[in-house]
1. Contour minus end-to-end for residue 84 and residue 294, with contour as 0.36 nm per residue of separation and end-to-end as the Cα-Cα distance?
2. Given the options 259, 298, 162, which has the most mean-square fluctuation in a GNM of the chain, springs set between C-alpha atoms less than 10 angstrom apart?
3. Counting alpha carbon pairs within less than 8 Å and at least 6 residues apart, what relative contact order, in whole percent, applies to the stretch 238-390?
4. Expressed as a whole number of Å, what is the distance separating the alpha-carbon centroids of the stretch 328-370 and the stretch 205-262?
5. Pulled fully out, how much extra length does the chain show between residue 133 and residue 147, if you take 0.36 nm times their separation in residues and subtract their Cα-Cα distance?
6. Please arrange 186, 179 by how many other C-beta atoms lie within 10 Å of their C-beta, fewest to most.
7. So for 230, 113, 332, fewest C-beta neighbours within 10 Å to most, what's the order?
8. Assuming R0 = 25 Å, can you tell me the calculated FRET efficiency for the pair residue 117 and residue 40, based on Cβ-Cβ distance, to the nearest 0.05?
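Bear in mind these aren't lab numbers, they're just calculated from the coordinates by the rules spelled out. Here the structure is a predicted model, which means the values were calculated and not measured. Heads up, the Cβs are rebuilt from the backbone with ideal geometry, glycines too, and the neighbour counts pull from every protein chain shown.
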Ligand SMILES: [Ca+2]
Ligand SMILES: [Ca+2]
Ligand SMILES: [Ca+2]
Ligand SMILES: [Ca+2]
């Protein structure tokens, strides 16, 4: 069958020896591959280029960050939580990626998280906050003209510290999911009328649940959710039963101390994948969706033995593949992992910021078509903005 060892192609660059056993005995052949079939794709803007950071002052205990459109102009705005100062700071965007100094809104004493989202569908984005002292969710409805109604509050579980939103039961009203860190659960507040949230349901997840992200993992058009379970070294995936409820919890292993969490399709196979930071081992995990909403196995990328708290996903070099940005609480850099255009990632590139990077978000702040980075740093309590110059 095989006539000894032959080189099939002359333009061989790689030759693999193979033993073939057949009824005629053992023979060996060589398989040759042309180098063009194994060349890596061209990655644009590699290395990436960012401006030096611009710093905006915040108040003590700077924590979470969110970006969105809060006033009527077309510039992205940013909200940060000043936990120790019982306030949030709103930085209204202006031309060239600049922000006005913070407009403060007083809050209760221990706000842990912020999300910008239009909750009442009036085309004005509202502000959602969690308070881990009073164990409540607060919603500040946007009145327009850079003013907000006083907070409406809703009870949740013990130590709420992360929020996401989605229309879980598809009644065209936005529901809210909050993690209850001390209860190892999430609570879903279902909106049936006018933000009354009169019905809510608690679902068990892992111990010291830190973050939650809403995404449709099995492509049935019903939003599902995932949590990072800090003390269990797992993520919990809850698949929507197509009525807004969650029956089963699927648990998948991660590195040690999973904290920050984000979801997006990283290998462009139309299935949403998961990225988490491992605060203890100083790494990030990429969990690729197997096409059925399962995440067995993961890739690990080192963050220089640091302590990454937060992760954001965005295409930073405009090649249609989503890249990864993380903060590092231990040094003066943000870490960016460029997608190799297959859901695998390059070794990090770093860009300077101030010490103790905490929460990170992305958006095109200067409207040049390139996604920029904003993060909170807690050594001096500043908001840092890095503009993409690739
Ligand atoms: Ca689903
Ligand atoms: Ca995918
Ligand atoms: Ca990219
Ligand atoms: Ca930009």
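1. Details: separation 210, 0.36 × 210 = 75.60 nm, distance 3.95 nm.
Here the answer is 71.7 nm.
2. It is 298.
3. 15 percent
4. 24 Å
5. Extra length from residue 133 to residue 147 when fully extended: 2.5 nm.
6. Neighbour counts put them in this order, fewest first: 186, 179.
7. 332, 230, 113
8. Computed FRET efficiency for residue 117 and residue 40 comes out at 0.05.
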